[in-house]
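> Got a structure here, written out as structure tokens. Questions coming.
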Amino acid sequence: MAWFDIIWNYEDEDGNVEHVAHHDLTPEDVNEVLENPIREEISESSGRPIAFGYTPDGRLIAVVYEEIDDCTLYPVTAYVIEE
């Protein structure tokens with residue numbers, strides 16, 4: 001399991017917490033995938049890294065993020081992938 005400092009902006013009503021909540025996800029769901037991805041790629045639409053993995057309750061999600069440095073990530077958004 002990798003360890004990262006994951007930046008969440010709880011105070012910004014248009015920030016990443018709100019973006020993932022819009023898709024019925026929590027920062028904890030996203031953290032689980034960023035720290036335990038099953039696959040990683042580059043998003044075709046944004047050019048950002050994207051990680052795929054399972055939330056603690058078993059949903060497959062995609063997390064689009066920015067790499068701030070070697071150990072700091074900023075999740076941009078996340079969404080459930082229908083299987």
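> Per DSSP H run of at least 4 residues, take -39500 (n - 2.57); add these up for the chain, divide by its residues and hand me the 222 nm value, nearest 500 deg cm²/dmol. Present the calculation step by step, with values, prior to reporting the outcome.
On the way: 2 runs with 15 residues, N = 83.
Computed mean residue ellipticity for the chain: -4500 deg cm²/dmol.
> Between residue 59 and residue 41, what is the spin-label point distance in nm, taking each point 7 Å from the Cα along the Cα→C-beta axis?
For residue 59 paired with residue 41, the spin-label model returns 2.0 nm.
> Counting other Cβ atoms within 10 Å, which chymotrypsin sites (Phe, Trp or Tyr not before Pro) in the range 1-60 have at most 10 and lie in a DSSP loop? Working shown, then result.
Details: sites: 3, 4, 8, 10, 52, 54; in loops: 3, 4, 8, 10.
Passing sites in the range 1-60 are 3, 10.
Readers should treat all values here as calculations from the given coordinates under stated rules, not as data from a laboratory. Here the structure is a predicted model, which means the values were calculated and not measured. Glycine gets a Cβ as well: all are built from the backbone with ideal geometry, and neighbour counts include every protein chain shown.
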